[in-house]
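For reference, the structure discussed in these notes is given below.
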Amino acid sequence: MAQQSARQPAHRRSRLPLIIGMSLTIMSAVLSAAEAPVKVGVIAPLSGVNSRYGAFATKGAQLAARQINEAGGVLSRPIELLLGDSQCVPAEGVSATQRMINFEHISMIIGDACSSVTMAMQPVVEDAGVLLLNAASSNPQITYKAGVGGYRWSFRNYPTDESRAAIALQYAVQKRGFTRFAVLAVDSDYGRGAIDFTRKYLASFGATLTSEDYYKETETDFRPVLTKIKYSDAQAIITYGQADSTPIIARQMNESALGGKLPLIGNGEFTSPTTIAAAPKVLNGSVEVTAWLPEWQSAGSLQFVKDYQQAYGGELPNVHAFFHWETLRLLAQAIRQAGTVDPVAVRDTLATIHYASAMGEVVFDDHHQAVLPMALVEIEANRPVIKATMAPKIDYAAH
């Protein structure tokens, strides 16, 4: 017994380096996990005709990531953004999504600026159990199919075109006295979706459409359509279009002597200084319903504009930059509240979150649509003036 007892300390000493080694390995693994970045995918049109939107979107997200990381990250871990190029083409967006999921093991994605891409992404992320948090697509079908609509992994922190269309039409009829409208919208899920919902509310406001035309994203000659509209009895043009197309349309309206006669109603970045400068006679009097603009007078919004301009050489941010900045911050708060990066926990936290955004409190309805205020902006004396704000709730039963 004495010999066995004497041997025991030696036996324990022989295992001591192994135990210490295992402990150090476990500690190292724990520390590595704590310090590993939280990877978030951002899918946007980084090339192609809509690359302008993608550039603003990624700059906004990158600014938010930088600010979050400088403040200590989330759960003591930095955020790392991985970018995917959708080219605003559904097949490309799906490929970018699948690469992120299968090769980068991304479990949280922000995207896409183009509604058709986002709708193509929804079944992909649903099958993979990956969170999709949209910050720029406005087609109503994204919301109708999300949450209790079926896609549990899809959320949208951006207004829907149904709300926009109803607000724009109501303002045009009740405040401006217009009842007859020509349509000139982009031929995409975004443009056609907005007009579909405009048509839904026409009878409610006693309005009619005098003509309905759609243009391709690469189109540059609008003169034939504008001539037809000129000789119709339309009082205004409802348009949901691309930012790059709006200045061209405005200049050609000016050439057709339509300036000051047929204001634009809808959305197409009318409020951009570049767009207004292209044809101020046309843009003055036009009305845009927008989710955000740099003139929004809240402390958080004004600080964002200042920080963005400082980060990007004085460039003025657009709505895509703002909502990608805000959406990444929203996601970061959801992760903190969940206390984990587990996608199920983050998804469930988002569903009940109350987030204090620069536009007001963000909550999601049962279709995972954020209830957000929108600004009615009229161009007066070559500058955007906010006339009113509204935060309508969607009547899903009327769909």
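FYI, it's all coordinate maths here, none of it is from the lab. All figures in this text were calculated on a predicted structure; none of them were measured in a lab. Counting neighbours? That spans all protein chains shown, and the Cβs are built from the backbone with ideal geometry, glycine included.
Brief remarks on what is shown
- Total formal charge among the other residues, if their Cβ is under 9 angstrom from that of Phe197, Lys/Arg +1 and Asp/Glu -1: 0
- Per-residue packing, averaged as other Cβ atoms within 10 Å, sorts the ranges 286-298, 319-331 into the order 319-331, 286-298, beginning with the highest.
- Whole-Å distance, taken between Cα centres, linking the range 94-139 and the range 325-399: 18 Å
- Counting only aspartates and glutamates at least 8 places from Lys39 when in the same chain, those with an alpha carbon closer than 20 Å to its own are Glu70, Glu80, Asp85, Glu104, Asp112, Glu126, Asp127, Glu326, Asp342, Asp348.
- Rounded, prolate or oblate (a/c below 1.5 giving rounded, otherwise prolate when a/b exceeds b/c) for the range 193-276 by Cα gyration tensor: prolate
- Of the GluC sites (Glu not before Pro) found in the range 79-183, those that fall in a DSSP loop while having at most 16 other beta-carbon atoms within 10 Å are Glu104.
- Multiplying the residue separation of Glu255 and Thr220 by 0.36 nm and removing their Cα-Cα distance gives an extension gain of 11.2 nm.
- Residues in the range 102-109 carry Karplus couplings, in order, of 7, 10, 9, 6, 6, 10, 9, 10 Hz; the curve used is 6.51 cos²θ - 1.76 cosθ + 1.60 with θ = phi - 60°, and Gly or Pro positions show x.
- Long-range HN-HN contacts of Glu212 with modeled amide H, under 5 Å: Val183
- Tensor-based shape of the range 312-377 (alpha-carbon gyration tensor, a/c under 1.5 rounded, otherwise prolate or oblate): oblate
- Bridges between two residues of the chain, per DSSP, are antiparallel at a rate of about 30%.
- Taking amide hydrogens as placed 1.01 Å from N in the peptide plane, the amide H of Gly84 sits under 5 Å from those of Val42, Ile43, Ala44, each at least 5 positions away in sequence or on another chain.
- Every helix of 4 or more DSSP H residues in the chain counts as -39500 (n - 2.57), and over all residues that averages to -15000 deg cm²/dmol at 222 nm.
- In the structure shown, the pairs Lys145/Lys200; Lys145/Lys393; Lys59/Lys200; Lys261/Lys387; Lys230/Lys393; Lys230/Lys281 are assessed against 25 Å; a Cα-Cα span above that value is assigned to Lys59/Lys200; Lys230/Lys393.
- Global geometry of the range 38-167, whether rounded, prolate or oblate, following the gyration tensor of its Cα atoms and the 1.5 cut on a/c: rounded
- Taking amide H as placed 1.01 Å from N in the peptide plane, the amide H of Ser138 sits under 5 Å from that of Ser115, each at least 5 places away or on another chain.
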